[in-house]
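These notes are about the structure you will find just below.
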Amino acid sequence: MRREKGQLGWLGLGRKLFWSWWVWIAVAIAVEASSHGKFAAGLATVGFIFYLLGPREHIPRYGLDYKFPIHSDQFLPTVTGAPGVPFIPGNKVTVLTNGDQFYPAMLRAIAAAEKTITMEMYIFWAGDIGRQFASALAERRRAGVKVKLLLDAIGSSTIGNEILDILKKSGCEVDWYNRIWLRTIGRFNHRNHRKSMIIDGRVAFTGGAGIADQWTGNAENASHWHDVQIQVEGPGAMGLQAGFAQNWLEITGELVSGREYFPPLEQTGNVSIQTLLSSPRSGSSTIRIMYYLSIVSARRTIYIANPYFIPDDSGVQILVEARIAAST
C-alpha cells in the first residue's frame, strides 16, 4: 500500500486554505452579498494576487519511502531516470567561492571567447562589476563574437541605462524574460532565476550569484554576499547551453543552433555532469525530485546549502524521518 508523505494537520490545512485564492474569492462574494462592497473588493484583490502567485507544481507525496541507499547500484540509474536527465562524462569542474574567485574567472573566460557568449541572469544590476561585464562583453562583440543576453524583467530591472547602452551600442543582443504586460499578467510570477554563462559552448558557469557589486569581495561583511559558482569545462556545458536555448526561443522566437553554440563534445576531465533544468512552466521540479531522492536514500549525513530551501510538508517529513533513522 502506498504511504503518503506530508499529510496535512490542522495547522497545515489552515495554511493551505489561507493561501487558496478561491477561499478569498468565495468570502468576497459572501461579503458582497451582505452589501459591504469595498471590503469585498479588497478580499477579491487578495484572492486575485494569491491566484497569480500560487505554484502550479506537482509535489511528490508518494514513493518517498526508503528503498535503497545512495551507495547502491540503484541510486544513479534512478536519479537519471526519474528526472529524465543522463550523466555526461569527461568534464573538468572547478568550484569558485565568492566574488574574488568567480568574477575574475568569468571575465577571463569572456576575454577568451572566440565565437559565442550566451548568458541568462536573474540579477544584473547597475554598479562597478556590472560595467566591467558589460565592457568585456561589448569588447568581444566588436571582435566578432556573437553575444546574447537574456535578463529577467524583474530581477534585472535596475540594470540602468549606462550598462544597457554599452551592451546595445556594441551590438550585443539583449532581451527580457517575461516582461509584465496585461496579456501576461497571469504569469507575472514566472521568473527566470537561472544564473548561467556559456562560452563557445565549451565552458560554462552556473551557481547562485548574479552580476552585482554585492557579490564582489570575499563575504567579509554584511554588504558582501557569500555564494558559490561552478565552472564546467567539457561536454557538460551543453546542458546549460540547452537551457539558455530553450528560454531564448521562448522569448525571442529565435532557434539557437549550430557548431558555434553546440560544438563536438570533447572530454577534458574525469567528472560526470548532470544538468537539471527547471522552469515555471514545468509540472514538477527536477531539482525537488533530486533533493527528495537524495534525502530518502541518505544514511549518515545530509548537508544542504541553498538560499531558497523552504521545504514543503513532504520535505519536512522525509528530513525528520532521515534524522530519526540515522539516530537509531
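If you check A242 against the conditions, is it touching a residue at least 12 places away in the same chain (Cβ under 8 Å) and assigned by TED's automatic domain parsing to the domain that holds V93? When the stated conditions are applied, A242 passes them.
When A322 is tested against (1) in a loop (DSSP other than H, G, I, E, B); (2) out of contact with any Gly (no Cβ under 7 Å at 6 or more places or on another chain), only condition (1) is not met. Checking every residue in the range 20-36 against the condition of being out of contact with any helix residue (DSSP H, G or I) (no Cβ under 9 Å at 6 or more places or on another chain), surrounded by 16 or more Cβ atoms within 10 Å (Cβ to Cβ) and either in the same structural domain as S135 (by TED's automatic domain parsing) or at pLDDT below 90 (or both) gives zero matches. Across the range 231-241, the number of residues qualifying as within 14 Å of the chain's Cα centre (by Cα) and aliphatic (A, V, I, L, M) comes to 1.
Once the range 151-173 is narrowed to residues that are crowded, with 16+ Cβ neighbours inside 10 Å and touching a helix residue (DSSP H, G or I) at 6+ places or on another chain (Cβ under 6 Å), the residue that is nearest to G210 (Cα to Cα) is I163.
If only residues of the range 221-235 that are in contact with a helix residue (DSSP H, G or I) (Cβ under 8 Å, 6 or more places away or on another chain) and not β-branched (V, I, T) are counted, the one that is surrounded by the fewest Cβ atoms within 10 Å (Cβ to Cβ) is S223.
Exactly one residue among I302, I324, I318 is at pLDDT 85 or above, surrounded by 17 or more Cβ atoms within 10 Å (Cβ to Cβ) and either β-branched (V, I, T) or at negative phi (or both), and that residue is I318.
Screening I287 with (1) under 17 Å from the mean Cα position of the chain (by Cα); (2) part of a loop (DSSP other than H, G, I, E, B); (3) not small (G, A, S) gives one miss only, at (2). Answer with yes or no whether M119 is out of contact with any Lys or Arg (no Cβ under 8 Å at 6 or more places or on another chain), touching a residue at least 40 places away in the same chain (Cβ under 8 Å) and buried (at least 20 other Cβ atoms within 10 Å of the Cβ). The answer is no for M119.
The values are calculated or read from the model by the stated rules, or taken from the named source; none is laboratory data. As the structure is a prediction and not an experimental result, all values here were calculated from the model. Methodologically, a virtual Cβ is constructed for each residue, glycine included, from the backbone with ideal geometry; neighbour enumeration extends over all protein chains shown.
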